[in-house]
Amino acid sequence: MKRVVTVTVNNNSGVLNRITGLFAKRQFNIESITVGATGKPGISKMTFIVPMEDPNKMEQLLKQLQKQIDVLKVTDITDKSIVTRELALIKVLCPPSVRSEVYSIIEPFRATVIDMGKSMVTVQVTGEPTKVDAFIELLKPYGIKDIARTGVTAFVREQQKSETPQLLLQL
């Protein structure tokens, strides 16, 4: 099972190193990591995807992360309703003879051609990691020359209320 952990931190030198060092010290493999600025100056958010079989080890890791200098908040959001996204840039062989075939794959995935040469195109795709994986699999037969993936970033979804507005009840 993969866990999605977000860590909000003060954006200071060495914070990322200390946090990833804690993962390594506890023998956790980090499958994906993203780090970016938040809306607040000097505050960053990190998103980690880690494989986890033992829930007790995860609880211990979360407690140790919370004790780190410059860590403001640690949350395991795996079991919550979340939105995840990833960006991939894929450079694929695309001579004129197969260009229409490649474009027929690009369109349904809402991917974008961001660079084009005589026999190669660079495509940008965003979405759930499973969508990105499926897109890459479909392009493999054409010859992928290079791939760059950002890693997964995630948010907890806002709770949806199913209440009927009071205005409608009065009518």
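Within the stretch 1-11, being surrounded by 12 or more Cβ atoms within 10 Å (Cβ to Cβ) and either among the acidic types (D, E) or more than 14 Å from K40 (Cα to Cα) (or both) holds for K2, R3, V4, V5, T6, V7.
For V102, the conditions (1) buried (at least 17 other Cβ atoms within 10 Å of the Cβ); (2) among the hydrophobic types (A, V, I, L, M, F, W, C); (3) closer than 20 Å to A154 by Cβ are fulfilled apart from (3). Residue count for the stretch 48-67 under the criterion of being buried (at least 16 other Cβ atoms within 10 Å of the Cβ) and in a loop (DSSP other than H, G, I, E, B): the result is 1.
Does the stretch 28-63 hold any residues that are over 21 Å from the mean Cα position of the chain (by Cα) and closer than 14 Å to V15 by Cα, and which are they? The answer is G42, and nothing else. For R110, are the conditions met, namely being over 16 Å from F155 (Cβ atoms), among the basic types (K, R) and in the same structural domain as Q124 (by TED's automatic domain parsing)? Judged against the criteria, R110 is a match.
Is it the case that the stretch 23-34 has a residue that's modelled with pLDDT of 90 or more, over 21 Å from K80 (Cα atoms), in contact with a Phe, Trp or Tyr (Cβ under 8 Å, 6 or more places away or on another chain) and aromatic (F, W, Y)? Looking for residues that are modelled with pLDDT of 90 or more, over 21 Å from K80 (Cα atoms), in contact with a Phe, Trp or Tyr (Cβ under 8 Å, 6 or more places away or on another chain) and aromatic (F, W, Y), one finds at least one in the stretch 23-34, hence yes. The condition of being outside the structural domain of E128 (by TED's automatic domain parsing), out of contact with any Pro (no Cβ under 6 Å at 6 or more places or on another chain), surrounded by fewer than 18 Cβ atoms within 10 Å (Cβ to Cβ) and of a type in the set (D, E, K, R) does not hold for K45.
When K45, K91, K131 are screened for being over 20 Å from T6 (Cβ atoms), among the charged types (D, E, K, R) and in a strand (DSSP E or B), only K91 passes. Counting residues in the stretch 107-117 that are in contact with a helix residue (DSSP H, G or I) (Cβ under 6 Å, 6 or more places away or on another chain), of a type outside the set (F, W, Y) and modelled with pLDDT of 95 or more gives zero. None of V113, V83 is assigned to a strand (DSSP E or B), touching a residue at least 60 places away in the same chain (Cβ under 8 Å) and over 14 Å from A148 (Cα atoms) except V83. Look at the stretch 118-143: where a residue is aromatic (F, W, Y) and a partner is part of a helix (DSSP H, G or I), sitting 6+ places away or on another chain with Cβ atoms under 7 Å, you get F135/F109; Y142/V102. A residue that is touching a Lys or Arg at 6+ places or on another chain (Cβ under 7 Å) and hydrophobic (A, V, I, L, M, F, W, C) occurs somewhere in the stretch 26-49.
The values are calculated or read from the model by the stated rules, or taken from the named source; none is laboratory data. Model, not experiment: these values are computed from the prediction. Reconstructed Cβ throughout: ideal geometry from the backbone, glycine too, with neighbour counts over all protein chains shown.
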